[in-house]
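What follows draws every value from the coordinates through simple rules; no lab data is involved. Values in this document were obtained by computation on a predicted structure and should not be read as measured data. Cβ placement follows ideal geometry from the backbone for every residue including glycine, while neighbour counts extend to all protein chains displayed.
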């Protein structure tokens, strides 16, 4: 504790120089924001060994797809401009709404009219510092860029609130301003650091995803949380003390948000409340296993993903073309769940050049040309061609006039184009014009059957696929592999941090149960309303709920345990704990709820709006459970989480 107090006094002694240094850094960071490269291509976050990336590499190196690429780029550029315009127009509106809510909530719960402005100033500095240092990464995804400022504001605002509340409490006890700030800082160092580290731990679990957009989101937001924490430690005391006179002149009574009635209600119905909440959590768990995920745009929206390209081993022998015909036949047999064909038109050498690649007898050629079979046989013999003869070989025979076989000559240009576009030295491309989209309920099984068909024909050789649908398929597979990994890492990290903070293994069990229950209810609700969950929304929501809203539980549990250690009975300890924790929990919770909701409703970009709405719902569920389920568990598990010595003190 002496180290914390000495560090706090050192920060206060530097209250004049620290703001100057940080403001200079902020100006430099502000000028560096434009240096950040914004990445709008989600497929670039796929692992290098995925089918999409390997297939795209083969296409780029071996095939002459200039026209298709030019058309695709034209479409992409148009979509990109629209996306940039929407982000530029909508995100500032969502941020303005979030700031307005922050001002209202802080004004209601603060001790001076100037306090909300000081908090916003400190957090604005931290946001600019975070965004200005993003240039250290090669690029930042447009999703991260769009939501990081709002989420950083909502996730770290309680650090500033905790410090100011502690400072005001020490002022009210009669301390001088600087001494009160020193005590508040030394008291809040571990509390705020633990809160920040649980949030960072939740976000850093995204770094272990094979789909590396998790690394992108996790690094940027984690950096933002750490910067916010440092700004609260280094800048908030300085600006608070420098504005001490203005704060005293604008002092007002905070709106009383007492926990007496809530504590009394929870105490009276603690058993049925806990039982009901357990059933609700179990229902959420059941529904959680049945939730559907989406990996593309909004479900139900018309999508034009473009064709799917299969790249298979090439060759010009009869066996090579027979295998292609076998594959085309298998692909034509792939159906959707309703029995209709999954694939419409198939462009391949054996389909577009079918007439030129089949065999013709001399009699068939005689009928087609009006030349006698004997003359044709003689020509074939002189040209070194066997009978029957493959159409393309007949067309390629040296000196053969196009008029010799008019029906085949019509295919010459088409065949030459097909060879140029669909064949390389090592591979051939088969282009599938599908009758399904990535949002179709049977997307995964249909794509699996398509790839299995190719592998069945070429069991010992490498096959590739590329295109929007293939990238979506790879993203879905990466997500399903990452799902358990992210959850387990987040769970373990949060459990460890809470266990170290409380120096106990019992309290973390209670807290993690509550927050896991909140996650299950949040995600399970999507099943009830038949609404698929966008996969990135899920990952961000889980990491924020597990890493950030658990802070509410840590704050309440710590206050409860401290009051019990002082000798208060369970009911009185809960009343005092709720009185202390309720303003911070409600302020931070409501800000996160409204900020997420603002993003969800203002932004028309599905990728971003879905994140906002799910985060908002998750914050709402977590806040409600922390104020109902957790208090009832603290009361019912009192003997489990409080040491016997403290129980004796509580009874005395």
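Protection proxy ranking of 188-199, 11-22, by the mean of other Cβ atoms within 10 Å over each peptide's residues and highest first, is 188-199, 11-22. Rounded to 0.05, the FRET efficiency of the residue 283 and residue 54 pair, given R0 = 41 Å and the Cβ-Cβ distance, is 0.45.
Figure legend: label point modelled 7 angstrom from the Cα of residue 17 along Cα→Cβ; residues of the stretch 218-250 with amide N under 16 Å from it are 234-235, 238. Helix 468-502 and the longest principal axis of the C-alpha atoms of the chain enclose an angle of approximately 20°.
Classify the stretch 308-466 as rounded, prolate or oblate from the Cα gyration tensor: take a ≥ b ≥ c as the square roots of its eigenvalues, call it rounded if a/c is under 1.5, otherwise prolate when a/b beats b/c and oblate if not. In terms of gyration-tensor shape, prolate. Over the chain, Cα pairs under 8 Å with separation of 6+ residues give a relative contact order of 23 percent.
Of the peptides 362-375, 202-215, 132-145, the order by per-residue mean of other Cβ atoms within 10 Å, starting with the highest, comes out as 202-215, 132-145, 362-375. From least to most packed, judged by other beta carbons within 10 angstrom and beginning with the fewest, 105, 507 follow the order 105, 507.
Here the spin labels are modelled as points 7 Å beyond Cα on the Cα-Cβ line, and at residue 291 and residue 383 they lie 6.6 nm apart.
Classification of the stretch 463-545 by its C-alpha gyration tensor yields an oblate form. The axis ratio a/c (a ≥ b ≥ c) is 1.5 or more, and b/c is at least a/b.
Multiplying the residue separation of residue 572 and residue 640 by 0.36 nm and subtracting their alpha-carbon distance yields 22.7 nm.
What is the fewest-to-most order of 579, 223, 245 by other Cβ atoms lying within 10 Å of their Cβ?
245, 579, 223
In the stretch 129-153, which residues have a backbone nitrogen under 16 Å from the label point lying 7 Å from residue 84's Cα in the Cα-to-Cβ direction? Answer for the stretch 129-153: 140-143, 145-146. Per-residue ellipticity at 222 nm from helix content only, as computed over the chain with -39500 (n - 2.57) for each DSSP H run of at least four residues, stands at -23500 deg cm²/dmol. You can think of it this way: the chain between residue 242 and residue 61 has 58.8 nm of extra reach, that is 0.36 nm per residue less the Cα-Cα gap. Stretched out straight at 0.36 nm per residue, the stretch from residue 419 to residue 47 would grow longer than its current Cα-Cα span by 130.8 nm. Peptide packing for 420-427, 155-162, 605-612, 172-179 was compared via the average number of neighbouring C-beta atoms within 10 Å per residue; ordered from the highest value, the list is 155-162, 605-612, 420-427, 172-179.
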